[in-house]
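Below: one structure, written as structure tokens.
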Amino acid sequence: MKKLHRLFLFLSILVVMISCHKNTEVDLKPNINVANDVVIAECAFKYIFNMIVKAQTDAALKANHVARIDSAQVTYNTNEDEFVFEYSGKMCQDSARRSGKFEAEFDSSFLRPGSATMVLFDNYYDGTDLINGMDSIVYNGITSGNRMVFTNYVKNGMILKGLTNNAMITWSSENQFITNANSFTQPGDIIFLVGGTCAGISSKGYRFSASLDSLTDNINCPWILDGIIHLVIPDAGITTGTVDFITNDGCNNKMKYTFEENTFYLWKNSQYLKN
């Protein structure tokens, strides 16, 4: 009888232990969804900023008013003081097939302190994702540390994820792009350090905010070279996490997601980021 009692007690404790273990399991789907969507949005608007900088420094475009830059037919309309970027579905340097167009309209010289550039979208797809929103770039000037500073504002951003039945990411961000004061006049790559904040609602309905920690953006590399995005997902089981673009691994699209002790390696590719 005592043996039966001990066996029953042991089984009861085991059931409690198993139940407690199950209750401590955390659903990471919200975290993965938010991380994917933040990467999609940050990279989509960073790409547009980089294309405008490339156009500004393209001598052939300024001379002939037309050029091809990263699979885009770029037209310089001097009467309207604007660049028009048109895509026809050809593969770009980051392996995305873009289509549609966006326009960059300047209120004055791009490098005049205080100048603003407005970006207008016309059925523009970044891969399978439809991009829209109020996108503007302000040139803040040169700091006392001899750095050029641009601020990129995105308000009412909307991204329809084409691989997930057009689920929508809503987005707002304020990012600063900082580079050496002579970057636009000296030969070589233009490299920006990017910092800022963003917030929105993911394609699966999760609220989020994030901050950018010294992302390295070489405009001749189609992916972010290094740096970390810090995530806050208030409705998730684990409410914080990071996206690490992995320092010193060269120009590639590999990333690392971390949510407490949980780590995932992914690639900046629409198939990997569709969830």
**OP:** Just give me the residues in the stretch 187-211 being outside any strand (DSSP E or B), free of Cβ contacts under 8 Å to residues at least 24 places away in the same chain and under 24 Å from Y139 (Cβ atoms), in sequence order.
**Re:** P187, G188
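Considering only residues that are assigned to a loop (DSSP other than H, G, I, E, B) and closer than 14 Å to F49 by Cα, which ones fall in the stretch 90-110?
Step one: filter the stretch 90-110 for residues assigned to a loop (DSSP other than H, G, I, E, B), giving 92-96, 107-110.
Selection gives F110 alone.
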**OP:** State yes or no: is I142 of a type in the set (A, V, I, L, M, F, W, C) and under 21 Å from the mean Cα position of the chain (by Cα)?
**Re:** no
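Taking the residues in the stretch 131-168 that are of a type in the set (V, I, T) and part of a strand (DSSP E or B) as candidates, determine which candidate is farthest from I229 (Cα to Cα). Even if it seems obvious, please write down each step before you answer.
Looking only at the stretch 131-168, we keep the residues that are of a type in the set (V, I, T), and these are 131, 137-138, 142-143, 149, 151, 154, 159, 164.
Filter once more, keeping what is part of a strand (DSSP E or B): 131, 137-138, 142, 149, 151, 154, 159.
Numbers: I131: 21, I137: 21, V138: 23, I142: 26, V149: 20, T151: 18, V154: 17, I159: 19 Å.
The extreme case among them is I142.
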Subject >> Selection within the stretch 215-273 - touching a strand residue (DSSP E or B) at 6+ places or on another chain (Cβ under 7 Å) and charged (D, E, K, R) >> reply: D217, D226, D235, D244, K254, K256, K268
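Determine which member of the set D81, D94 is modelled with pLDDT under 95 and touching a Lys or Arg at 6+ places or on another chain (Cβ under 9 Å). Break it down stepwise before answering.
On the way: D81 fails: touching a Lys or Arg at 6+ places or on another chain (Cβ under 9 Å).
Selected residue: D94, the only one of D81, D94 that is modelled with pLDDT under 95 and touching a Lys or Arg at 6+ places or on another chain (Cβ under 9 Å).
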Original post:
For residues in the stretch 99-136 being within 16 Å of the chain's Cα centre (by Cα) and β-branched (V, I, T), which is nearest to A181 (Cα to Cα)?
Top reply: I131
Original post:
For the stretch 169-186, which residues satisfy the criterion of being over 15 Å from the mean Cα position of the chain (by Cα) and either in a strand (DSSP E or B) or of a type in the set (D, E) (or both)?
Top reply: I178, T179, N180
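Output yes when any residue across the stretch 104-115 is surrounded by 18 or more Cβ atoms within 10 Å (Cβ to Cβ), in contact (Cβ under 8 Å) with a residue 60 or more places away in the chain and either touching a helix residue (DSSP H, G or I) at 6+ places or on another chain (Cβ under 6 Å) or closer than 19 Å to C198 by Cβ (or both), and no when none is. Even if it seems obvious, please write down each step before you answer.
Initial filter on the stretch 104-115 (surrounded by 18 or more Cβ atoms within 10 Å (Cβ to Cβ)): 104, 106, 110.
Next cut, in contact (Cβ under 8 Å) with a residue 60 or more places away in the chain only: none.
The answer is no; no qualifying residue exists.
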Subject >> Count - residues of the stretch 152-174 that are among the polar types (S, T, N, Q) and either crowded, with 23+ Cβ neighbours inside 10 Å or in contact (Cβ under 8 Å) with a residue 60 or more places away in the chain (or both) >> reply: 3
Subject >> Yes/no for N140 being closer than 14 Å to Y47 by Cα and not hydrophobic (A, V, I, L, M, F, W, C) >> reply: no
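What's the total number of residues in the stretch 242-275 that are of a type in the set (D, E, K, R) and in contact with a helix residue (DSSP H, G or I) (Cβ under 8 Å, 6 or more places away or on another chain)?
Looking only at the stretch 242-275, we keep the residues that are of a type in the set (D, E, K, R), and these are 244, 249, 254, 256, 260-261, 268, 274.
Among the residues that remain, those that are also in contact with a helix residue (DSSP H, G or I) (Cβ under 8 Å, 6 or more places away or on another chain) are: 268, 274.
Counting residues in the stretch 242-275 that are of a type in the set (D, E, K, R) and in contact with a helix residue (DSSP H, G or I) (Cβ under 8 Å, 6 or more places away or on another chain) gives 2.
If we keep just the residues of the stretch 240-261 that are closer than 27 Å to N165 by Cβ and not aliphatic (A, V, I, L, M), which is surrounded by the fewest Cβ atoms within 10 Å (Cβ to Cβ)? Show your work before the answer.
Step one: filter the stretch 240-261 for residues closer than 27 Å to N165 by Cβ, giving 241, 243, 253, 255, 257, 259.
Now narrow it down to the ones that are not aliphatic (A, V, I, L, M): 241, 253, 257, 259.
Details: G241: 24, N253: 18, Y257: 22, F259: 22.
Only one residue fits best here, namely N253.
The values are calculated or read from the model by the stated rules, or taken from the named source; none is laboratory data. Note that the structure is a prediction, hence the values are computed from the model and not measured. Note that each Cβ is placed from the backbone with ideal geometry, even for glycine, and that neighbours are counted across all protein chains shown.
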